[in-house]
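Asks: Here it is: the structure, laid out below.
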Amino acid sequence: MISQKAKYALRALTALARAETGDPLQISDIADRQKIPKKFLEQILLDLKRNGMVTSRRGKQGGYLLLRPASDITYGEVLRLIDGPIAPLPCLSITAYRRCEDCAGEKDCEIRHVFARVADETRAVLFSTTIADAITAPASSDVMELAD
């Protein structure tokens, strides 16, 4: 599962992507539109700014803007920045590899083999889907609602 912070970061980037080009959005506007606690949003935007995804302008007409085009910011990049490694097992992490403590050998680990496929497919979707894709894609009918 992704964290609430990552969901908020993606929603903030979506709001900035929908804004008129060159028209900064103030934190309070993003917070209201996306239902994000303002103090939490400030921290998230600072993280995104430090990592070159957004920039800010000071002054009366100030606020936040995307630093890069929405078509250049992937879901995977945002999730990795906010939540860390995108892997179901530490031995499958690209950025924070760690051998599983209870593993006799990765080559023969059935669990690793299955979750390697999951991780590969997940990364393929996350790193090929941009903020621009998400705001232009119609609502998907292939998302199944799960019964409790």
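Asks: What does the highest-first list of 120-127, 98-105 look like by mean Cβ count within 10 Å? Show your work: numbers first, answer last.
Replies: Working: 120-127: 13.4, 98-105: 9.8.
Going by the mean number of other Cβ atoms within 10 Å, highest first, we get 120-127, 98-105.
Asks: Shifting gears a bit: Starting from the Cα of E101, step 7 Å toward the Cβ, then list every residue of region 1-31 with an amide N under 18 Å from that point.
Replies: Flagged as within label range: none.
Asks: Calculated from the structure, semi-axes √(5λ) of the Cα gyration tensor in Å equals which of [x] 26, 17, 14; [y] 34, 18, 14; [z] 31, 21, 14?
Replies: [y]
Asks: Report, in whole Å, the centroid distance computed from the Cα atoms of region 1-16 and region 42-103.
Replies: Value for the Cα centre distance between the two parts: 10 Å.
Asks: Separate question: Just how large is the dipole of region 4-66 about the Cα centre, in debye to the nearest 20, putting +1 at every Lys and Arg Cβ and -1 at every Asp and Glu Cβ? Let's see the in-between values first.
Replies: On the way: 13 positive and 6 negative charges, 39 e Å.
The dipole magnitude comes to about 180 debye.
Asks: Based on alpha-carbon positions alone, could you give the equivalent ellipsoid semi-axes of region 86-136 from the gyration tensor, as √(5λ), descending, whole Å?
Replies: In descending order, the three semi-axes are 28, 11, 6 Å.
Asks: Rounded to the nearest 0.05, what FRET efficiency is calculated for S93 and E20 with R0 set to 35 Å and r the Cβ-Cβ distance? Provide the component values of the computation, followed by the final result.
Replies: Details: r = 39 Å, r/R0 = 1.11.
It comes out at approximately 0.35.
Asks: Do any of K39/K60; K35/K60; K7/K35; K5/K35 go past 18 Å between their Cα atoms, and which?
Replies: K39/K60; K35/K60
Asks: If you line up the long axis of helix 110-126 against the longest principal axis of the chain, both from Cα atoms, how many degrees apart are they, to the nearest 10?
Replies: So the helix axis and the longest Cα principal axis differ by about 20 degrees.
Asks: Report the Stokes-Einstein translational diffusion coefficient (µm² s⁻¹, integer) for region 51-125, Rh taken as the Kirkwood radius over Cα pairs, at 37 °C with viscosity 0.692 mPa s. Let's see the in-between values first.
Replies: Numbers: Rh = 14.9 Å.
Result for D is 220 µm²/s.
Asks: For A124 and R33, compute 0.36 nm times the residue count separating them, minus their Cα-Cα distance, and round to one decimal in nm. Working shown, then result.
Replies: On the way: separation 91, 0.36 × 91 = 32.76 nm, distance 2.99 nm.
Extra length from A124 to R33 when fully extended: 29.8 nm.
Bear in mind that the values in this text are calculations on the coordinates, not laboratory data. In this text the structure is predicted, and so the values were computed from the model without any measurement. Cβ: placed from backbone, ideal geometry, glycine included. Neighbour counts: every protein chain shown.
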